[in-house]
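Chemist: The structure that follows is given in the form of structure tokens.
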Amino acid sequence: MTPFRRCLFVVAAVVLAGANGPVAATEFRFPSGAITVPDGYTIDVAAAPPLVERPVTIDFDERGRLYVTESSGTNIAVAEQVKNPTHRVFRLVDSDGDGTFDRRTVYAEGLMMPEGSLWYRGSLYVTAPPEIWKFTDADDDGVAESREVWFDAKTLTGCANDLHGPYLGRDGRIYWCKGAFAEQSYDLPGRPGWTTRASHIFRARDDTSELEPVLTGGMDNPVDVVFTPEGERIMSCTFLVHPGGGERDGLIHALYGGVYGKDHGVLDGHARTGPLLPALAHLGPAAPCGLHRHSGVGHGEALAGNLFTTSFNLRTVFRTELVPAGATFTTTDTPFLQADWVDFHPTDVIEDADGSLLVVDTGGWYKLCCPTSQLEKPAVLGAIYRVRRDGATPIADLRGLALDWKGMTPADLAALLADPRPAVVARATDTLARIGAAAVPAVRDVFAASTSPAVRQQAIWTLARIDGDEARRVVRGGLGDPDAGVRQTACHVVGLHRDDAALEVLGSIVVNDAAPVARAAAEALGRLGLAEACAPLLAATDRADDRALDHSITYALIETAAPDPLRTALAAGSPAVKRGALLALDQMADRLPAPALSPEDVIPLCAAGDTSVREAAWWVAGRHPDWSAALAHQVPALLRQMTTAVAADRAAIAALLAPLAANPAVAGAVAVAIDDDEPAIRAAALEAMRAAHPTATPPSWVGVLAHLAASPSDRDSPAAAESGEAIAVLAGLPLSKEARAVFRPLAFQIESAGTLAPRAILQALGLLGEATGELPDVVVGRLLLIATLGESPVDRNAAATILASASLPQRLRLRVGDAFAKLGAQEATLLLPGLVKEGGEPLVRAVDGLGRGEVAGFVRRDLLEAAVNGLPEESAALGADLLAKTEALVASEREAFEKLLAALPEGDPVRGHAVFAGKTGSCSSCHAMAYVGGRIGPDLSHIGAIRTPRDLLEAIVRPSASFVRSYEPSIVVTDDGRSFQGVVREGAGGALAIQTSATVVERVPREEVESIEPGRTSIMPQGYDKLLSPQDLADLVAFLHRAK
């Protein structure tokens, strides 16, 4: 055995930092480092190299053999991997039952990147995008001789996060997740040709029939799904919100029909019940992967129902306790397992039959689209660990292998639904389901006779997997069970099968039962699709005092697709009824032959006395900009309301106005407020404009903003601050070339006066974009001075961006060429294409300057080669020298970084904070910590938890070495030949918002985009190793590493 297999020694009396204070813990030492678990637990290695090397996901069969999907360690582009897939699946066996696996076979090979595995009914289902495969080993020799595509998503994107799963629901359906925002189409019941780019949870029978989405989201990566005994779904996901304040990834209560963050264009067209549904638990930049709900076996009641989530980034397995709260939950989240070495990356966690937890560490191989694996390290191998509870009572025949399964009658099998062994209960449930209708009497008898709610609940789940009237009748009986959890389960099963015989009882439950049961009943009523369901659902709106119950009632009303009773309720109902009817009528439009609402229905309600009705009406109106002219007269009152509101309420009012800004009347009312005599009103109008993100800037805004931006006489006056705000708002708007041209004289006036802050002046000049045209010599001189010697890298970058947009005559291009000896890599990258296009002596001077400088190794190779190829023949030697020097610089780059790292003094985090927030570093211009700072780059609130000091230093001085997920640069080319390089985000109305530099956002309508290709240069400026002293760098790294 390798030394990997056992811990070397134990050091006690350490702590895990929990949400409710420190948790006493024990540290176990392994060759790679230490793993800490709470006191009372032991951790050991269950499988190690060479048995497994880079395990990713795992699952057991009914005999206790472990199936392990294994990466080959490659990080080549996904489009290349799919041509020659090299990943595998192993079957591991623990021959002597000691908890350590000792034999393996190669069960399957030639797979794409594995992203989930499920053993079900004699076959292994493996997600390997773009497909989910079904592997079968009929002769049980450990090698699958049959392989078939069970499901084909038909999309594969650059990070291969198009699919995760599959997962077996308690209802017998197979669930899986879609991510990555590629467009997929499905024929849904009653909705053929349904198309989506959003993320989803899907489910289907094991023959793929009855496929349907159960959740919609804007998250990048929905990953794992688990199910409570009552039938509620919990999902782990990444980028649930736009990163900020330490929030990014998390867990959600995955409600049927729910729409979750993050909010962007992929959610357009999906029915909503109001604001996006909230997270259940925020985990920060954790990159949660595997998720498991523990049965409690072998651990006692303390762990029963707890969730365990693997965090790839944080080297942690979190324990989450679900606390019922209304129709949903709150959580208590604490670290359960933590490793102290950087290449420990847990990707899956499941429960063995004895209750011990198996935790998969995939090792250091993964780098593709990963923000924490800065280097691919396929030689750093992973392992599978086992966590046991000390003193746990051994359980005989854990999986029931000694039972005569083939000789059992349905009554024998039904009796096993009360067995204390979860593996036995699961096998009995599936065996009864496979028997089908003949098993229903035996299950019915157990349901009727058992005094255990858990057993009655399991009987309902068994019947969920059996078709037929008798199974449906017994389940309906569960709606009247004395236990709320059983009633909740019965509601889920009735809804799954759309059993309309349950209508009357469901109607009573939604009005009168406990909130979790009522929520499940509302879900079931909606799935019936009957107009008769509207009356009880509307009656229940008065009790919908939490977002989960409110959502399920409203979504159920939408699913009825019955506008007539809702229109009656809208005219005469209580405020809660009016609100529910209004939202449902609006959002059921795509299920009807014609819209159910008119402006005459909605506009009067925007002035309703009840706040909930008024806000709902504004929300609906915001989805119909063509109605909004009738609301223009209410804009002044809303803006005045903003002047006295707290920040959150101000933002909410601005969000209500935002979607209406496309209407000229509403936009005009906001524009008028910019000329108001009261500064607070002007500030509110600016905030409303900033929140709007229109696809085209209202013409009325350009003039008033330009007037407000006019340079004041006093640099430190309130007018100067207001002018800067106006320029910032303009910078966030999609200005046409004509609008930019209108602003041109004013931009030069602002630059000449010099009474605004330098950053605001640069932003004003940056507004000119494609209308920059020729610049005065004096302006070019100042911009070159900033680009070469500016104290702030943000300002240097902005200056270079402006120069790159300008039309410069030969004499000024020569000055630009002369500056290349002093330019940083980012500035050179911005300016070089223009000189290549024009060629001549300016290009020669630029190449010569790059050859004499030290940044050529950081400039994109394709740009350098284009520059060299554009040189006149007599200067070819300069080009050859430059390329040779570049190769030498690249070769020495790693050595230079290692020397910098080795020479770095000890850092002081207090001084580092000053560097982060100060003018020289300008870090806070682009990065936020705890909601304070810019949002151009990744949020850094918890960066120290996922990056080592070495990684942090490399990210600062070599920003293009790797890219954080969702901040990868792209090159966007339009159909008229324009090219933009930067970070691409979905903008309003499907337009692309391209952050091309720290101060410039370009907005391009999606229909004008010809191609989007991956970029290689970060928009974060290079050269911080020159800008900051070694002590400053050390202090900054120390500050960032403390941000946990």
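Chemist: Rounded if a/c is under 1.5, else prolate if a/b beats b/c, else oblate: with a ≥ b ≥ c from the C-alpha gyration tensor eigenvalues square-rooted, which is the range 405-623?
Modeler: Because a/c hits 1.5 or more and a/b exceeds b/c, the range 405-623 counts as prolate.
Chemist: Collect residues whose amide H, placed 1.01 Å from N in the peptide plane, falls under 5 Å from the amide H of Asn221; neighbours closer than 5 in sequence don't count.
Modeler: Here Thr238 satisfy the definition.
Chemist: OK, next. Quick one: which residues, 5 or more positions from Phe151 or on another chain, have an amide H under 5 Å from its amide H? H modelled 1.01 Å from N in the peptide plane, none for Pro or chain starts.
Modeler: Result for Phe151 returns Ile132.
Chemist: Here is a further query. Applying the Karplus parametrisation 6.51 cos²θ - 1.76 cosθ + 1.60 with θ = phi - 60° to the phi angles of the range 517-532, what ³J(HN,Hα) value in whole Hz is obtained for each residue in order, glycine and proline being reported as x?
Modeler: My calculation for the range 517-532 gives 6, 4, 5, 5, 5, 4, 4, 5, 4, x, 5, 5, x, 10, 4, 5 Hz in order.
Chemist: I'd like the antiparallel share, as a percent to the nearest 5, of DSSP beta bridges with both residues in the chain.
Modeler: 95
Chemist: Hey, can you rank 819-825, 356-362, 872-878, 678-684 by average C-beta count inside 10 Å, highest first?
Modeler: Final packing ranking: 356-362, 819-825, 678-684, 872-878.
Chemist: Per residue and in cubic angstrom, what volume does the convex hull of the Cα atoms of the range 772-903 have?
Modeler: Dividing the Cα hull volume of the range 772-903 by its residue count gives 96 Å³.
Chemist: May I ask you to sort Asp649, Asp249 by Cβ crowding, counting other Cβ atoms within 10 Å and putting the fewest first?
Modeler: With the sparsest Cβ surroundings first, the list reads Asp649, Asp249.
Chemist: Here's something else I'd like to know. Given the rule -39500 (n - 2.57) for each run of at least 4 DSSP H residues, summed and divided by the residues of the chain, what is its mean residue ellipticity at 222 nm, to the nearest 500 deg cm²/dmol?
Modeler: Numbers: 36 runs with 390 residues, N = 1044.
Value at 222 nm, helices only: -11500 deg cm²/dmol.
Chemist: Tell me which trypsin sites (Lys or Arg not before Pro) from the range 137-189 have a DSSP coil assignment and no more than 12 other beta carbons within 10 Å of their own.
Modeler: Those that pass, being in a loop and sparsely packed, are Lys154.
Chemist: Moving to a separate point now. Give the distance, in whole Å, between the Cα centre of the range 769-789 and the Cα centre of the range 383-408.
Modeler: Computed from Cα coordinates, the inter-centre distance equals 74 Å.
Chemist: Additional query: For Asp263 and Thr332 in one chain, what is 0.36 nm times their gap in residues minus the Cα-Cα distance, to one decimal in nm?
Modeler: Using 0.36 nm per residue and subtracting the Cα-Cα distance, I get 22.3 nm.
Chemist: Still on this structure, I have one more. With r as the distance between the Cβ atoms of Glu1008 and Asp675 and R0 = 35 Å, compute the FRET efficiency 1/(1 + (r/R0)^6) and round to 0.05.
Modeler: The value I calculate is 0.55.
Chemist: Lysines near Lys367 by alpha-carbon distance under 18 Å, same-chain residues fewer than 8 away left out - which ones?
Modeler: Hits, sequence-local ones excluded: Lys377.
Chemist: Then there is this: Under 5 Å between amide H atoms, partner at least 5 residues away or on a different chain: which partners does Asp340 have, H built in plane at 1.01 Å?
Modeler: Answer set, sorted by chain and number: Ala34.
Chemist: Further question: How much net charge surrounds Ser356 when only the other residues with a Cβ under 13 Å from the Cβ of Ser356 are counted, with Lys and Arg +1 and Asp and Glu -1? Before the final figure, lay out the partial values.
Modeler: On the way: positive: Arg386, Arg388, Arg389; negative: Asp44, Asp94, Asp98, Glu351, Asp352, Asp354, Asp390.
Summing Lys/Arg as +1 and Asp/Glu as -1 gives -4.
Chemist: Could you tally the net charge around Ala648, taking each other residue with its Cβ under 15 Å from the Cβ of Ala648, Lys/Arg +1 and Asp/Glu -1?
Modeler: Residues close to Ala648 contribute a combined charge of -2.
Chemist: Positive end of the dipole of the chain, charges at C-beta (+1 Lys, Arg; -1 Asp, Glu), about the Cα centre: which of Phe30, Gln81, Ala279 has its Cα farthest in that direction?
Modeler: Working it through, the farthest residue towards the positive pole turns out to be Phe30.
Chemist: Report ³J(HN,Hα) in whole Hz for each residue of the range 99-116, in order, from the Karplus equation J = 6.51 cos²θ - 1.76 cosθ + 1.60 where θ = phi - 60°; Gly and Pro get x.
Modeler: Once θ is set to phi - 60°, the couplings for the range 99-116 become x, 10, 6, 10, 9, 9, 10, 7, 6, 7, 9, x, 9, 5, 3, x, 9, x Hz.
Chemist: If a/c stays under 1.5 just call it rounded; otherwise compare a/b with b/c (prolate if a/b is bigger, oblate if not). Do that for the range 55-389, with a ≥ b ≥ c from the square roots of the Cα gyration tensor eigenvalues.
Modeler: On the way: a/c = 1.33, a/b = 1.16, b/c = 1.15.
In terms of gyration-tensor shape, rounded.
Chemist: Separate question: So which of Lys262/Lys1026; Lys83/Lys178; Lys737/Lys885; Lys154/Lys837 end up more than 31 Å apart by C-alpha?
Modeler: Working: Lys262/Lys1026 37 Å; Lys83/Lys178 22 Å; Lys737/Lys885 41 Å; Lys154/Lys837 40 Å.
In this structure, Lys262/Lys1026; Lys737/Lys885; Lys154/Lys837 exceed 31 Å between Cα atoms.
Chemist: What is the gain in length, in nm to one decimal, between Ala325 and Glu791 on full extension, counting 0.36 nm per residue of separation less the C-alpha to C-alpha distance?
Modeler: Value of the extension gain: 162.5 nm.
Chemist: At a 10 Å Cβ-Cβ cut-off, how would you order Ile395, Ile132, Ile509, fewest neighbours first?
Modeler: Sorted ascending by nearby Cβ count, the order is Ile395, Ile132, Ile509.
Chemist: Now a separate question. With labels modelled as points extended 7 Å from the Cα through the Cβ direction, what inter-label distance (nm, one decimal) is found for Ser736 paired with Asp469?
Modeler: Each label point is offset 7 Å from its Cα along the Cβ direction, giving 6.7 nm.
Chemist: Spelling out what I want: for every residue of the range 381-396, take phi, set θ = phi - 60°, compute 6.51 cos²θ - 1.76 cosθ + 1.60 (Karplus), and round to whole Hz; glycine and proline get x.
Modeler: Result, ordered by residue: 8, x, 6, 10, 10, 10, 10, 10, 7, 4, x, 5, 6, x, 10, 6 Hz.
Chemist: Quote to one decimal, in nm, the extra length available between Arg543 and Arg894 on full extension: 0.36 nm per residue of separation minus the C-alpha distance between them.
Modeler: 120.0 nm
Each reported figure results from applying straightforward, stated rules to the coordinates on display, with no laboratory input. As the structure is a prediction and not an experimental result, all values here were calculated from the model. In this analysis, Cβ positions are derived from the backbone assuming ideal geometry, glycine residues included, and neighbour counts consider all displayed protein chains.
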